[in-house]
Amino acid sequence: MSRIQSMKKYQCFIGGCWGEPASGDYFESVDPFLAKPWALIPRCDARDVDAAVAAARTAFDRGEWASMHPSRRGQLLRRLGELIARDADRLASVEVQDNGKLYAEMRGQLGYIPHWFDYFGGLADKIEGSVIPIDKPDMFTFTSHEPVGVVAAITPWNSPLLLATWKLAPALAAGCTIVVKPSEFTSASTLELMKLVDEAGFPAGVLNVVTGFGPEVGEPLTSHPGIDKIAFTGGEGSGRRVAHKAAQNFKRLTLELGGKSAQLVFPDADLDNAVKGVVSGIFAATGQTCIAGSRLLVHDSIHNEFLDKFIELASTARMGDPMSAETQVGPITTQPQYQRVLSCIEMARAEGAECVLGGKPAARPECGDGWFIEPTVFANVSNSMRIAQEEVFGPVLSVIGFREDDEAYALANDSPYGLAAGVWTNDQRRAFTAAKRLRAGTIWTNTYRAVSYMAPFGGFKNSGIGREGGQEAIQEYLETKCVWMFYGKDVSNPFVMR
Ligand code: TXE
């Protein structure tokens, strides 16, 4: 796959129209492998947010979308999925250029993303209420589920299209309208997606995109009175600010805020499989995933053998151009994140953790000028160290030993986060016990990093609020209405509650 060579200039998408931002300003998006700008992104501000919310509000309150039958909504979603499948190569290349993710991984994701639109398209006309056999005479009582309204979907830079899809598919299926704010580091793929939204035939205003920075676009959006619900994926700090804004007028809120997920390796595990699973958990996508298995808890009896095998495999990771099919570990997506990962590595050293692999920028010829960091492993980590408590969001693994199962569960749960955990064992009783004892939204046993449109995904504790994926996800975009219909003759004593 080739790179776009000349600078590409994008427009924002508001009310079904492509246009300049109100400011007339643009900012550069940088290719993380070349460390060079490749695209210009509109620098939106509160004026564009106002326009986008107004367009989404109008589309929600009246017009074609508001009166569209849910079966037709479902067809539109499925059509969008088909168009994404048709354009998967192009969308994958854009994402790789903007984000540095491996083309091989992105092409796989783009092949899978249509399933979200298919699945939620199928759910659009199966949003059913219920009749309540109410305990009052002459009364018919039923519930209906209605779209929550206008949604602000705020997405991060690590998996822009996938994480936007996790919000857009259920929100559209529910009948909401949406203003999307992609990360300022990776806006291009979301704007490309809007071309397909347009082509699929969604009415104007159903989907809108405002690009730009957190304070200039994110804050006006999250504090806008025209927004009913915020769906946010990002860091804990920004998530907290978003939650404060949402609280001002009690906007509905889902948050996915990352984690410090533990991989527990028990002595009875198939060690070769476990090594692969732990490598995939921390070095796939260069560790820049919310589900990164960044804490390895390994039983003392197999600690050294496991670590030797792990280092042997991790050392073979091929770094380089993410467009190349050979590459296994790509660059860090943003320069600030590159600096942050390096500073976390220094922090771990200063805390006394022992660096047994990597621990520095990758100075390999195939990495060019890109923001590469060697796959890094720290041994002799204590769970109370900051390197074991804070999310690094990069290719850095902390190794912690344990002796008893209870100790392993306690260590795994001793974290402010609770997004995911991996358990490696051949003992079923242990697998079930671990699944019960671990306080996290996803538990993988003898596998890691599996996600599906059918499965709920989200976090305990500081990892977030609410679930994306599966049938639960659509509930996050619905309000329940309870309707009471009296069919008796005479209204009873008005001074007494019925
Ligand atoms: O993310 P931000 P950053 C973690 C990871 C990383 C850290 C910081 O540990 O090192 O977060 O990353 C928008 N109101 N994750 O700073 O700021 C922002 O413009 C409204 C974990 O790049 O959280 C972008 O669109 N919006 C995570 C989005 O929030 C605001 C994925 C996410 O960016 C805003 C990414 C505001 N006040 C980083 N401030 C995961 N859960 O997977 C920023 N934004």
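The values are calculated or read from the model by the stated rules, or taken from the named source; none is laboratory data. These numbers were taken from a predicted model, which means no experiment stands behind them. Cβ sites come from the backbone with ideal geometry, for glycine too, and all protein chains shown count toward neighbours. Side chains included, ligands, DNA and RNA excluded: accessible areas come from the protein's heavy atoms. Shrake-Rupley method; radii C 1.70, N 1.55, O 1.52, S 1.80 Å.
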Exercise. Give, in nm to one decimal, the length gained when the segment between residue 347 and residue 360 is fully stretched (0.36 nm per residue of separation minus the Cα-Cα distance).
Key: 3.4 nm
Quiz item: Toward the positive end of the charge dipole of region 262-445, about the Cα centre and with charges on Cβ (Lys, Arg +1; Asp, Glu -1), which of 264, 417, 283 goes farthest?
Solution: 417
Quiz item: Distances over 23 Å make up what percent of all Cα-Cα pairs in region 1-138?
Solution: 58
Quiz item: What is the set of long-range amide H partners of residue 263 at a cut-off below 5 Å, with H atoms built 1.01 Å from backbone N?
Solution: 295, 296, 297, 422
Quiz item: Which one of 440, 311, 332 is farthest out on the positive end of the charge dipole of the chain, using unit charges on Cβ (Lys, Arg +1; Asp, Glu -1) and the Cα centre as origin?
Solution: 440
Quiz item: Could you give me the ³J(HN,Hα) list for region 446-463, computed from phi with Karplus coefficients 6.51, -1.76, 1.60 and θ = phi - 60°, whole Hz, x at Gly and Pro?
Solution: 6, 7, 7, 6, 9, 10, 8, 4, 8, 10, x, 9, x, x, 7, 6, 6, 6
Quiz prompt | Cα-based reach from residue 136 at 27 Å (exclusive), listing lysines while leaving out same-chain residues under 8 positions away | solution = 481, 489
Quiz item: So what is Rg over Rh here for region 262-445, counting just Cα atoms and using Kirkwood for Rh?
Solution: 0.96
Quiz item: Going 7 Å from the Cα of residue 9 toward and past its Cβ, which residues in region 22-38 have a backbone nitrogen under 11 Å from where you end up?
Solution: 25-26
Practice problem: Find the all-direction average of the projected area of the Cα convex hull for the chain, expressing the result in square nanometres with one decimal place. | Solution: 26.2
Exercise. Beta carbons within 10 angstrom, averaged per residue: use that to sort the peptides 170-176, 92-98, highest first.
Key: 170-176, 92-98
Quiz item: Principal axis lengths of region 338-413 from Cα atoms, whole Å, largest first?
Solution: 46, 19, 18
Exercise. For region 137-196, build the convex hull from the C-alpha positions and give me its volume per residue in Å³.
Key: 91
Quiz item: When the label point is put 7 Å from the Cα of residue 136 along its Cα-to-beta-carbon vector, which residues of region 478-493 have a backbone N closer than 15 Å?
Solution: 482-493
Quiz prompt | For region 251-293: span of alpha carbons on each principal axis (Å, largest first) | solution = 48, 22, 12
Exercise. Could you pull out the chymotrypsin sites (Phe, Trp or Tyr not before Pro) across region 423-498 that fall in loop regions by DSSP (anything but H, G, I, E, B) with no more than 14 other Cβ atoms inside 10 Å?
Key: 487, 495
Self-check item: Accessible-area composition of the chain, carbon plus sulfur, in percent [1.4 Å probe]
Solution: 52
Self-check item: Dipole magnitude (debye, nearest 20) for the chain, charges at Cβ of Lys, Arg, Asp, Glu
Solution: 880
Self-check item: Residue list for region 213-238, given a label point 7 angstrom along the Cα-to-Cβ vector of residue 146 and an amide N cut-off under 20 Å
Solution: 225-230
Quiz item: Tell me, in nm to one decimal, what length is gained between residue 89 and residue 471 on full extension, where the rule is 0.36 nm per residue of separation less the Cα-Cα distance?
Solution: 134.6 nm
Practice problem: For residue 207, enumerate residues with amide H under 5 Å from its amide H, sequence gap 5+ or separate chain, H modeled in the peptide plane. | Solution: 178
Quiz item: Per the Kirkwood treatment, what hydrodynamic radius in Å, one decimal, follows for region 76-168 from the mean inverse distance over all distinct Cα pairs?
Solution: 15.8
Quiz item: Hey, what's region 379-498 come to in accessible area per residue, 1.4 Å probe, Å²?
Solution: 53
Self-check item: Candidate lysines for bridging to residue 9, where Cα separation is under 21 Å - those fewer than 8 sequence places away on the same chain excluded
Solution: 36, 181, 195
Self-check item: Length released on extending from residue 325 to residue 461, taking residue separation times 0.36 nm less the Cα-Cα span
Solution: 45.2 nm
Quiz item: Quick one: Cα centre-to-centre distance for region 268-345 and region 90-129, in angstrom?
Solution: 24
